[in-house]
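See below for the structure under consideration.
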Amino acid sequence: MEKKERLLELRELLKQYNYEYHTLDRPTIPDSEYDALFRELKELEAEFPELYDPDSVTQSPGYEVLDEFKKVRHDKPMLSLDNVFSYEELKEWSKKITDVYGKIEYAVEYKIDGLAMNLIYEDGKFLRATTRGNGVEGEDVTSNVKTIPSIPKTIPYKDRYEIRGEIYMPKASFERLNAQRRSEGLEEFANPRNAAAGSIRQLDSRVAASRGLDGFWYYVPDDINASTHYESLLYARKLGFVVNDTIRLMDDIDAIYKHIEDTIAIRHDLPYEIDGIVIKVNRYDIQKELGFTSRVPKWAIAYKFPPEEVSTIIEDIFITVGRTGKCTPNAKLKSVKLQGSTVSYATLHNEDNIKDKDIRINDTVIVRKAGDIIPEVVRSIKERRDGTQIPYVFPEVCPICGSKIYRLKGEAAHYCINNDCPAKIVEGIAHFASRDAMNIDGLGVKRVELFHDKGILNSFEDIYTLQSKKDIILSLEKFAERSYQNLIEAIENSKANSLEHLLFGLGIRQVGEKAAKILAKHFKDIDALMKASSEELSQIKDIGPITAEAINDFFKDEHNAKMIENFKFYGLNMKYLGEEVKESVFSNKVCVLTGTLEKYTRSEATAILESLGAKVTSSVSKRTDYVIYGNEAGSKLDKAKDLGVQIVSEEEFKRMLEE
Ligand code: IVH
């Protein structure tokens, strides 16, 4: 295609995508793909200035305004932000500024993934809330925004006060809303942003009120009460607005970039979604000189995080069987790159999920990889169907052993209940050997499968007899003496594990890592645990009656009791060996505590950090990793900000501990 043609095509496409995203709250491509097309268009427009069009999405910040709401003209246009996607681009942006002004201060903020909102107060009273709309005029959604509890209805301020920010839907509200919609057979929202936007555009404000929305406030246009952006936010906070407490002042792009990387690592643990970091010139006088383009301020930039969603095609759907017999449907995807790796498979969770989302073979779908978790199919894009899509019929029998599969009452998953199903045996043994269980390196699913097929590994106990199968193992294709020795050593070492590892490895229903630990700590050795009645078990904090019953059933089973005897014979440790130092975000980190924490005394917090492998020191330096601050934190906090050291509020600290 000719470049000019492509330019025109992109304009049309992006206009359509914009409409779907902003006006209908129903995006048909991932944001990352939109950003890439937007960028392509911008480059083409730079190459062909004669094709300038003020209506191009690159020129105007907005989208169409729906008719249902009253239209309101903004006092000042509501603008968007320019994006950068790499360290180099960020550096380039800041260089343009520092070349003129030298080293300057930036306010560095989370980019909240919601919808922009403008609030106006008149003589201390909440007057109006307006969406961005096309940037010049937006929709009056006052009655809906009024239902958000954290938004002040009155403020101690005379005159007109205008503040801008983001309305968002916390992840918890989003999960709740989609679960409810699922149960009512309604289509789910694609993401919290769309859900927030959809909720704000409800004509009945009771609906918006029920959706658990919230807001962060991050911009006061030309605040007469301040001379910097940061001051304007502190002032806003005083007036009663929720200002995100992660905002900080920084003057070094390298430190800002480190902060971006750190934030990417924790973004999934935040209770709300963010899609980048916004960097703003702090001083108003410099902001004024830098000014605006028609679409964006030149004094701010958004660093967009790498995409977690891409679109691709489902080539096939197949079932895998886990150690509990759970049958999980998976999608075989046309391979796509996502966060540096190639994704070819994604989970579809269960039959209902496929049905609710109407996911079909040959569908174009959005695939998401959040953190380390297995990629999942988020939704199918019906707009891309071409008649070749085939609805998936969930099988009636286990694809591995052929026995009938069942869906228990109240459960979403199907199960293969055949105890001899090879898939269950193999997965169960691999789980037993996995890192958090017995930690036997070299005994992953593939190898267990190999040994199982050879007939030398059919149960947990068989692991401890593998040294007598040396000849058979070495006769297996590609099995070297060296890796055999390593395996036998890992098996030998596993015998010394503390009891909780064995308990977790056994795969007792309901007993995950946490319960295994509680049980090991409580009973100290396995004999005491095996003797405990269901009643006794359910007295333990955090062990419910169902878990208690499952544990009791497990050890009552003669086969299992015999297995434990065999383990003892093989020399496995059956005792709890005390607290292990856990790998955590604080491992090997240098932390400083400052101010008064509400939930912990200084020595409690120190003890917690040290138990997680952190070093707690008293003064802040470049070598400090985290400054954890409470109320009335003073100079140490300032110093941390100066040095670009990551600061952690008590709230965040609590969240990090829960990881
Ligand atoms: S400042 C003139 N700060 O991102 C300055 N925007 O992609 C206007 N956003 O339209 C925006 N978090 O809806 C700013 N901390 C933050 C933000 C933020 C999210 C949104 C906002 C804006 C969009 C641009």
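Every number here is computed from the coordinates shown, using simple stated rules; none is lab data. Fair warning: this is a prediction, and the values are worked out from it, not measured in the lab. Cβ sites come from the backbone with ideal geometry, for glycine too, and all protein chains shown count toward neighbours.
Roughly how far apart, in whole Å, are the Cα centres of segment 88-104 and segment 178-204?
41 Å
Measuring from label point to label point, each 7 Å out along Cα→Cβ, what is the ASP358 to LEU408 span in nm?
Result: 3.3 nm between the two label points.
How high is the FRET efficiency from ARG160 to PHE292, r the C-beta distance, R0 30 Å, rounded to 0.05?
0.90
Taking only Cα atoms, what is the 0 to 90° angle, nearest 10, from helix 602-611's long axis to the longest principal axis of the chain?
So the helix axis and the longest Cα principal axis differ by about 50 degrees.
Once the Cα gyration tensor of segment 158-222 is found, what semi-axes does its equivalent ellipsoid get, as square roots of 5 times the eigenvalues, in whole Å, sorted largest first?
After diagonalising the Cα gyration tensor, the semi-axes are 28, 12, 9 Å.
Arranged by the count of other C-beta atoms within 10 angstrom, fewest first, what order do ILE155, ILE456, ILE390, ILE163 take?
ILE390, ILE456, ILE155, ILE163
Which length gain, in nm to one decimal place, applies between THR601 and LYS562 when the Cα-Cα distance is subtracted from 0.36 nm times their residue separation?
Contour length minus the Cα-Cα distance gives 9.2 nm.
May I ask for the distance between the Cα centers of segment 581-630 and segment 350-405, given as a whole number of Å?
Spelled out, the Cα-based centre of one part sits 45 Å from the other.
I'd like the GluC sites (Glu not before Pro) in segment 550-591 restricted to DSSP loop residues with at most 14 other Cβ atoms within 10 Å, sorted by number.
Answer by residue number: GLU579, GLU580, GLU583.
Between LYS103 and ASP316, what is 0.36 nm times their sequence separation minus the Cα-Cα distance? Round to one decimal in nm.
Net length gain for the segment: 71.2 nm.
In what sequence do ILE374, ILE366 fall when counting other Cβ within 10 Å, fewest first?
So the residues, fewest neighbours to most, are ILE374, ILE366.
At 0.36 nm per residue, and after removing the present C-alpha to C-alpha distance, how many nm does the segment from ASP453 to LYS334 gain when stretched out fully?
39.8 nm is the gain from fully extending ASP453 to LYS334.
For ASP542 and SER611, what does the FRET efficiency come to when R0 = 25 Å and r is the distance between their Cβ atoms, rounded to the nearest 0.05?
About 0.80, to the nearest 0.05.
I need the Debye-formula profile for segment 517-659: one equal scatterer per C-alpha, no solvent, reported as log10 I(q)/I(0) at q = 0.08, 0.14, 0.21 1/Å, two decimals.
Each listed q maps to, in turn, -0.39, -0.75, -1.17.
Evaluate Rg over Rh across segment 267-377, taking Cα atoms for both radii and Kirkwood's formula for Rh.
Here Rg/Rh amounts to 1.19.
Volume per residue, Å³, of the convex hull around the alpha-carbon atoms of segment 170-273?
137 Å³
Give the Debye-formula value of log10 I(q)/I(0) at each listed q (0.18, 0.23, 0.26 Å⁻¹), with one equal scatterer per alpha carbon of segment 288-345, two decimals each.
-0.78, -0.94, -1.01
How high is the FRET efficiency between GLU481 and ARG435 when r is their beta carbon distance and R₀ equals 25 Å, given to the nearest 0.05?
Calculated transfer efficiency: 0.50.
Counting only other residues whose beta carbon sits under 9 Å from that of THR246, what net charge do I get with K and R as +1, D and E as -1?
Charge balance near THR246 sits at -2.
What per residue convex hull volume, in Å³, do the alpha-carbon atoms of segment 295-450 yield?
About 184 Å³ per residue, rounded to a whole number.
What nm distance separates the two modelled labels at SER227 and THR23, each placed 7 Å from Cα along Cα→Cβ?
With each label placed 7 Å out from Cα toward Cβ, I get 4.6 nm.
Can you give the convex hull volume per residue for the Cα atoms of segment 19-123, as a whole number of Å³?
Roughly 198 Å³ of hull volume per residue.
Treat the count of other C-beta atoms within 10 Å as a stand-in for reagent exposure and order HIS74, HIS229 from fewest to most.
The most exposed by this proxy come first: HIS74, HIS229.
Determine Rg/Rh for segment 439-513; Rg is computed over alpha-carbon atoms and Rh is the Kirkwood hydrodynamic estimate from the same atoms.
0.98
Need the C-alpha centroid separation for segment 537-554 versus segment 226-258, integer Å.
Their Cα centres are 49 Å away from one another.
Run the quick spin-label model on HIS268 and ASP527: label points 7 Å from Cα toward the beta carbon, then report their separation in nm to one decimal.
The modelled label-to-label distance comes out at 4.3 nm.
Compute the orientation-averaged projected area for the chain from the convex hull of its Cα atoms and round it to one decimal in nm².
So the Cα hull casts an average projection of 34.9 nm².
May I ask you to evaluate 6.51 cos²θ - 1.76 cosθ + 1.60, the Karplus curve with θ = phi - 60°, for each residue of segment 485-498 and list the ³J(HN,Hα) values in order in whole Hz, giving x for glycine and proline?
Result, rounded to whole Hz: 4, 4, 5, 4, 5, 5, 5, 4, 4, 5, 5, 8, 4, 5.
For segment 394-531, report the % of Cα-Cα distances exceeding 18 Å.
Across segment 394-531, Cα pairs with separations above 18 Å total 61 percent.
Ordered by residue, what ³J(HN,Hα) values in Hz, to whole numbers, does segment 103-109 give under the Karplus form 6.51 cos²θ - 1.76 cosθ + 1.60, where θ = phi - 60° and Gly and Pro are x?
5, 10, 8, 10, 8, 10, 10
Explain nothing, just the number: relative contact order of segment 183-324, from Cα pairs under 8 Å at least 6 residues apart, as a whole percent.
So the answer I get is 16 percent.
Please identify the cysteines of the chain that lack any partner cysteine with a Cβ under 4.7 Å from their own Cβ.
Result for the chain is CYS327, CYS591, no neighbouring Cys Cβ within the cutoff.
Defining a contact as two alpha carbons under 8 Å apart and six or more residues distant in sequence, what relative contact order in percent does the chain show?
Value for the chain: 9 percent.
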